[in-house]
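The block underneath contains the structure these notes are about, expressed in structure tokens.
The values are calculated or read from the model by the stated rules, or taken from the named source; none is laboratory data. Quick caveat, the model's predicted, so the values are computed rather than measured. Quick reminder, even Gly has a Cβ in these numbers, built from the backbone with ideal geometry, and neighbours come from all protein chains shown.
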Amino acid sequence: MGELKFSISNTTIDLDALKCRVSTPEAGGFVAFEGWVRENNEGKEVTALEYEAYEELAVKEGQRILEEARQFDILKACCVHRTGPLKVGELAVVVMVSSAHRKEAFVACEFIINEIKKRVPIWKRETYADGTTSWVNCGHGQGQTHTRKDKHEPESEHEQCNGHVHQAEKHSDLTTAKSKGAKS
Amino acid sequence: MTIASAYARIRLKSPGKEALAHLSASNSKTVRVDYFALLKEQRGLASEKIQTESATVLELYEELQKQYGFSLKHSSVAVALNDEFADWSKTLSESDKVVFIPPVAGG
């Protein structure tokens, strides 16, 4: 059966290498999600961002999520999440899924990114144009209180998990989908 | 000081010491606590060894919260014991690794 791999990287993600990892002759569909650092969050201009991970547990939980995605009859899946400082426009997270037909890959890709956002112990600290910083979702920063204003986020982002209240995300969501040949 | 008064002093002091030693032997343990994100910022360091008499991870969080003024209530924090998610009622053992997990924000 398929190969599943979740990892954390403190350097730029190599998308081509990852794509090779999920490629397989059995696959007729490939779906990828890329999360990018957006220039604003909740009405504030974001100038820099930093991700921090509790790596031992993040990798375990990420791997569990990929295992759970097997329910969608996928062939291979991988996910890499960045840590460290990132600039606006940079790639923060990528999910790639291959399956025999496109539908399973679309559904599994969305499932994986949603679960990662809810469950994997990774945090982000935003730095704003006015010089202040804030740990997103922690309701506290240097004088910051978060109130959710972004209308573009799907409802699933509000779900609770592990006792956390998850409120905000800050990327533009770019989903790319390609179908290979006539099979999908 | 007479011998009798010296003994009296020892008798007065010793029950407290013995009780403390007993308490230390039965309840005190040294655990490693790692901090991330907001908790790391509020604690001012990433990892430390703590000698504690807290019985559970919840008691330990409350002890540290009182000491360092963590702004997050335990109800919005998760906890990991030895690199696995755990219930707040889990009891602490010698050399355990404890990580308090603020609301996550990956993706």
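Here is how the numbers come out for the structure above:
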quantity: Those residues of the stretch A:63-89 which are of a type outside the set (A, V, I, L, M) and either in contact (Cβ under 8 Å) with a residue 60 or more places away in the chain or closer than 13 Å to A:V31 by Cβ (or both), in sequence order; calculated: A:E67, A:R70, A:F72, A:K76, A:C78, A:C79, A:H81, A:R82, A:T83, A:G84
quantity: Among (1) outside any helix (DSSP H, G or I); (2) within 14 Å of chain A (Cβ to nearest Cβ); (3) hydroxyl-bearing (S, T, Y) - the single one B:S95 does not satisfy; calculated: (2)
quantity: Selection within the stretch B:87-100 - surrounded by fewer than 21 Cβ atoms within 10 Å (Cβ to Cβ) and within 19 Å of B:F36 (Cα to Cα); calculated: B:D87, B:W88, B:D96, B:K97
quantity: Qualifying residues in the stretch A:117-140 (those that are outside any helix (DSSP H, G or I) and among the basic types (K, R)) - the one surrounded by the fewest Cβ atoms within 10 Å (Cβ to Cβ); calculated: A:R125
quantity: Looking only at the stretch A:47-66, and only at residues there that are at pLDDT below 95 and surrounded by fewer than 18 Cβ atoms within 10 Å (Cβ to Cβ), the one that is nearest to A:E3 (Cα to Cα); calculated: A:A48
quantity: Residue under evaluation B:K73, criteria (1) farther than 24 Å from A:S7 by Cα; (2) in contact (Cβ under 8 Å) with a residue 12 or more places away in the chain, criterion not met; calculated: (2)
